[in-house]
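Some notes on the structure that comes next.
The values are calculated or read from the model by the stated rules, or taken from the named source; none is laboratory data. Because the structure is a prediction, the values reported are computed rather than measured. Note that we place each Cβ from the backbone using ideal geometry, even for glycine, and neighbour counts take in every protein chain shown. Keep in mind that these areas ignore ligands, DNA and RNA; they rest on the heavy atoms of the full protein, side chains included. Shrake-Rupley method; radii C 1.70, N 1.55, O 1.52, S 1.80 Å.
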Amino acid sequence: VDWLLANVGWLFDFITAVVKVPIDGTVTLVGLISPLLFILIVAAITFAIQRSWKLFAGTIVGLLFILNQGLWDPTIETIVLILYSTVVCLAIGIPIGIFCARRPWFYQAISPLLDMMQTIPTFVYLVPMLFLFGLGVVPGIIATVIFAIPAPIRLTYLGIIQVQASLVEAGESFGSTRWQLLTKVKLPAAMPTIMAGVNQCIMLCLSMVVIAGLVGAGGLGNVVVRALGQVRMQLGVEGGLAIVIVAIILDRTMKQRVRRRRS
């Protein structure tokens with residue numbers, strides 16, 4: 001660590017600046033939106049995805065509770081951190097999962113690394129990130145990406161290799177190219193498993209972002225850490241309930257909608 005900081009410390013400073021600027025800008029931009037308008041937008045998005053009035057009403061009630069408790073700004077910070085972490089994880093993890101399905105030997109090679117990334121205690125990720133990037137949101141989001149990225153890789157790989165051979169053979173019989181087989185046969189058939197990986201990735205990002213409050217990542221994690229340091233049980237309960245509400249909204253929104261068949 002000393003050698004890295006002495007010789008390529010400028011690189012870590014550059015990464016810190018590149019990561020920090022868009023996150024801070026997004027938090028500031030979202031903060032300009034009226035909380036009530038933001039709540040209606042989020043509720044409308046949940047309804048558009050799931051077509052559930054219960055989820056629509058529950059989203060409004062839950063976010064109004066967070067606003068009432070004075071935790072709106074930390075909640076916005078947490079949502080932005082989850083958004084960026086999830087986008088990075090999916091942008092890297094899904095292509096790697098697709099490549100692993102095309103080259104099983106590559107998945108066998110990285111499988112021990114994925115196992116290690118998922119089994120190392122979450123607090124351990126924060127130690128090297130803290131030394132390399134210092135306090136703030138950057139070490140938190142980098143540790144979150146490392147912790148959550150195995151989920152989309154594994155489930156994308158599993159979803160594609162479990163596609164029924166008859167579907168693949170049908171595509172090949174119609175003269176589909178390898179790219180057409182991937183985009184029009186394998187990925188649509190594997191989408192439920194891939195979406196499960198997306199959902200799991202979001203939940204892992206949420207859990208790690210909260211823990212990253214220990215290194216000054218901000219958001220609701222910082223609220224919980226402050227409550228712990230000041231031994232304020234009421235603040236800890238409020239922060240914990242806000243985290244639960246955000247988790248439920250994200251989980252129910254991204255869960256695949258089950259269509260009822262008419263008899």
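Here are some notes:
- Total residues in the range 1-23, condition assigned to a helix (DSSP H, G or I) and touching a residue at least 60 places away in the same chain (Cβ under 8 Å): 9
- The set of residues from the range 53-82 being farther than 19 Å from Met203 by Cβ and of a type in the set (S, T, N, Q) comprises Asn68, Gln69.
- Within the range 5-62, considering residues that are open to solvent by less than 40 Å² (accessible area, probe 1.4 Å) and among the hydroxyl-bearing types (Ser, Thr, Tyr), the one nearest to Pro139 (Cα to Cα): Thr16
- Residue check, Leu155 farther than 30 Å from Ala6 by Cβ, out of contact with any Pro (no Cβ under 7 Å at 6 or more places or on another chain), open to solvent by less than 40 Å² (accessible area, probe 1.4 Å) and touching a residue at least 24 places away in the same chain (Cβ under 8 Å): yes
- The set of residues in the range 211-237 that are open to solvent by less than 70 Å² (accessible area, probe 1.4 Å), aliphatic (A, V, I, L, M) and within 23 Å of Pro128 (Cβ to Cβ) comprises Ile211, Ala212, Val215, Ala217, Val224, Val225.
- Condition check for Gly213: farther than 23 Å from Val88 by Cβ and either in a helix (DSSP H, G or I) or touching a Phe, Trp or Tyr at 6+ places or on another chain (Cβ under 7 Å) (or both): no
- Residue within the range 174-185 that is open to solvent by less than 60 Å² (accessible area, probe 1.4 Å), in a helix (DSSP H, G or I), in contact (Cβ under 8 Å) with a residue 24 or more places away in the chain and over 30 Å from Gly229 (Cα atoms) present: yes
- Annotation note: Cβ proximity below 9 Å between a residue of the range 239-252 that is farther than 16 Å from Cys201 by Cβ and a residue that is assigned to a helix (DSSP H, G or I) and charged (D, E, K, R) (sequence gap 6+ or interchain) occurs for Gly239/Arg226.
- Residue in the range 146-166 that is at pLDDT 85 or above and among the charged types (D, E, K, R) present: yes
- Exclusive hit being crowded, with 20+ Cβ neighbours inside 10 Å, closer than 30 Å to Val223 by Cβ and among the aromatic types (Phe, Trp, Tyr), set Phe133, Phe123, Phe65: Phe133
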